[in-house]
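The next block holds one structure in the form of structure tokens; read it before the comments.
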Amino acid sequence: MERTTLKRHPERGVLDRAAQLAVIDEALVCHLGVVTAEGPLVLPMAHARIDDTLYLHGAIANGILRAGARANAACATFTLLDGLVFARSHFAHSMNFRCVVAFGTLNEVTAREEKQRALVALVEHAARGRAAQARAATESELQATRVVALSLDTMSMKSRVGPPRDLEEDMRLPYWAGVIPLATTAGAPRREDLGATAPEPRLRYVRPHEPDKARTLNE
Ligand SMILES: Cc1cc2nc3c(=O)[nH]c(=O)nc-3n(C[C@H](O)[C@H](O)[C@H](O)COP(=O)(O)OP(=O)(O)OC[C@H]3O[C@@H](n4cnc5c(N)ncnc54)[C@H](O)[C@@H]3O)c2cc1C
């Protein structure tokens, strides 16, 4: 049996690669797990995807990336929380989610062009079009930044949707049961005005996965 085969709740598995990649693109944070000299370590990180490669970045001295950059086995997890599921029993409480786990080897990106492309993708992951609206990394900033790549060819996805699944004999209990939907939403942009003299460009905050929720940055 493959490492990516779900044993618990296999019916919640999603094999469609496009759906798996969409979770990675929607998530603003991933959790990177590697085995360091001191033992296992899992840390939250920003990420970006270009085609079938995931990119992560950090300071050149960053511990988890330094450990990973020695061509270490790694695991990156992307979790989108869609709801809290309240059941009539404690046991049946749950969460609605879409979650992707990617396994692979972390490799340091040393080629200047690929490194630059990855850093642009990291900015674009937060807001489409943003890279052209800010200064690109200088040579010394590039040198101070470690970029690692993870090939996205071994992935699994698990997803739970829908109401609580209570036992038949619990259905008449007098407790509220249902789902509280959860979503990450952008608030109204707050402009930072620290001596900016340039005319303000009209920018739109657009996450790649939700173009209909675009907000104008200078509202
Ligand atoms: C927000 C959230 C909260 C959760 N809370 C709990 C909890 O409190 N208790 C609990 O037991 N479980 C919880 N889960 C589910 C948990 O992630 C595991 O799926 C579950 O614990 C089964 O673990 P296992 O080692 O038996 O999985 P197995 O089915 O044995 O795992 C085999 C393979 O399936 C894949 N896989 C397993 N889980 C996931 C996943 N979540 N996403 C993508 N691929 C996966 C991996 O490739 C893994 O190697 C939660 C999941 C999410 C997203």
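Where a number appears in this text, it was derived from the coordinates with a stated rule and is not lab data. Note that the structure is a prediction, hence the values are computed from the model and not measured. Here the Cβ positions follow ideal geometry from the backbone for every residue, glycine too, while neighbour counts run over all protein chains shown.
Under 6 Å between Cβ atoms, at least 6 apart or on separate chains: pull out the pairs that start in region 141-162 with a residue that is over 16 Å from His31 (Cα atoms) and end on any residue that is acidic (Asp, Glu) and assigned to a loop (DSSP other than H, G, I, E, B).
Between residues of region 141-162 that are over 16 Å from His31 (Cα atoms) and residues that are acidic (Asp, Glu) and assigned to a loop (DSSP other than H, G, I, E, B), there is no close pair.
Taking the conditions exactly as written (away from the ligand (no atom under 16 Å from the Cβ) and in contact with an Asp or Glu (Cβ under 8 Å, 6 or more places away or on another chain)), does Arg49 satisfy them or not?
It is true that Arg49 is away from the ligand (no atom under 16 Å from the Cβ) and in contact with an Asp or Glu (Cβ under 8 Å, 6 or more places away or on another chain).
Give the number of residues within region 4-39 that are touching a strand residue (DSSP E or B) at 6+ places or on another chain (Cβ under 9 Å), more than 15 Å from Phe103 (Cα to Cα) and in a strand (DSSP E or B).
Here the count works out to 1.
Looking at Leu21, Leu81, can you tell me which residue is over 22 Å from Thr154 (Cβ atoms) and within 16 Å of the ligand (Cβ to nearest atom)?
So the residue among Leu21, Leu81 that is over 22 Å from Thr154 (Cβ atoms) and within 16 Å of the ligand (Cβ to nearest atom) is Leu81.
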